[in-house]
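Encoded as structure tokens, the structure appears first; notes follow it.
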Amino acid sequence: MISRYIFKSINTNKEKKSFKEFLRHQTNSEYGGYKIYDGSRNHLLQIPEELSELIFFLNNYKKKHTDFKNFLEIGFASGRTNTIFNRFFNFKQIVAIDNFACDINTNDLFANIQRKNLTLLCGNSNSKEIKMNLKYFYPFNLILIDGSHEYKDVINDINLSINLINSKGVILMHDICNKEYPGVGKAWNKLKKNKNFSFKEIVCKKYYFNCGFGVAIKKK
Ligand SMILES: C[S@@+](CC[C@H](N)C(=O)[O-])C[C@H]1O[C@@H](n2cnc3c(N)ncnc32)[C@H](O)[C@@H]1O
């Protein structure tokens, strides 16, 4: 039983556990959730253990180092993860990029673009138009890379993010352990050689799908 508003904070292990349980109701059994995949594509694309641990970590990091006011998400899909992040960090500005080449649930998309300070840039993250537009919004305190999962595109998104991240900002990469997309893990391993960042991995391999979060923290 959750005794307080779930998005208020997750400061304790008990609160983290409640939040993980909450997330299980948002996602499919292949990710460790309680929903069945029925093709409606209105589920959260996250493993509850990983997302709850990540938010717990970011919440603590924020208290000691930097507020997350300005968020960039590369690969928005229908925006469910975006909404969860926004509930915790209440961003002043969100910029999201998507070329909408994948299947999404349009009702879900519409629901997740509302009630937030969002600028949605539609196009490929490697296009010069998108790169030019990003200049109006940077620097960002938090960036999530979860767009194309092809190696050369992920490298593009990493290079883009390195140029756009603020001092003490955090770059997140999703799917660093996803065997279906080995290019993501390969690109993450390359980023890990960058001395301007420190690194952390949040990985739960208990379920049918493996994802994994890479966390790259800009040192100064
Ligand atoms: C895995 S989904 C993103 C999931 C989302 N971050 C979430 O957690 O709810 C990947 C998204 O990236 C988009 N995408 C793929 N290649 C892209 C590219 N080159 N530029 C921009 N978006 C791209 C797809 O259309 C898709 O919606």
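State the number of residues belonging to segment 77-99 that are aromatic (Phe, Trp, Tyr) and within 12 Å of the ligand (Cβ to nearest atom). Walk me through how you get there before you give the answer.
Of segment 77-99, the ones aromatic (Phe, Trp, Tyr) are 85, 88-89, 91.
Filter once more, so that each one left must be within 12 Å of the ligand (Cβ to nearest atom): 85.
Total meeting the criteria: 1.
For segment 165-179, a tally of residues being within 12 Å of the ligand (Cβ to nearest atom) and within 13 Å of the chain's Cα centre (by Cα) returns 4. For the criterion of being assigned to a helix (DSSP H, G or I), basic (Lys, Arg) and within 20 Å of GLY212 (Cβ to Cβ), LYS20 passes.
For segment 26-56, the set of residues classified as away from the ligand (no atom under 16 Å from the Cβ), surrounded by fewer than 16 Cβ atoms within 10 Å (Cβ to Cβ) and either over 21 Å from TYR208 (Cα atoms) or without any contact (Cβ under 8 Å) to a residue 24 or more places away in the chain (or both) consists of TYR34, ILE36, ASP38, GLY39, listed by residue number.
Take ILE202 and decide whether it is β-branched (Val, Ile, Thr) and under 24 Å from ILE130 (Cα atoms).
Working: β-branched (Val, Ile, Thr): yes; under 24 Å from ILE130 (Cα atoms): no.
Judged against the criteria, ILE202 is not a match.
Every residue, every condition in (1) within 15 Å of the ligand (Cβ to nearest atom); (2) not polar (S, T, N, Q), yes or no:
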position: SER125; (1), (2): yes, no
position: PHE137; (1), (2): no, yes
position: TYR151; (1), (2): yes, yes
position: VAL154; (1), (2): yes, yes
position: ASN159; (1), (2): yes, no
position: ASN163; (1), (2): no, no
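How do the pairs read when you match residues in segment 193-205 that are under 21 Å from ILE162 (Cβ atoms) with residues anywhere that are in a loop (DSSP other than H, G, I, E, B) and small (Gly, Ala, Ser), using Cβ under 8 Å and keeping only pairs 6 or more apart or on different chains? Partner pairs satisfying both residue conditions: GLU201/GLY212; ILE202/GLY212. Contact annotation: residue pairs with Cβ atoms under 6 Å, 6 or more positions apart or on different chains, pairing a residue in segment 147-166 that is in a helix (DSSP H, G or I) with a partner that is within 8 Å of the ligand (Cβ to nearest atom), are ASN156/ASN126; ASP157/ILE74; ASP157/SER125; ASP157/GLY147.
Taken together, the values in this text are just the output of simple stated rules run on the coordinates, not laboratory data. The structure displayed is predicted, hence computed values, not measured ones. FYI the Cβ positions are ideal-geometry reconstructions off the backbone, even for glycines, and counts take in every protein chain you see.
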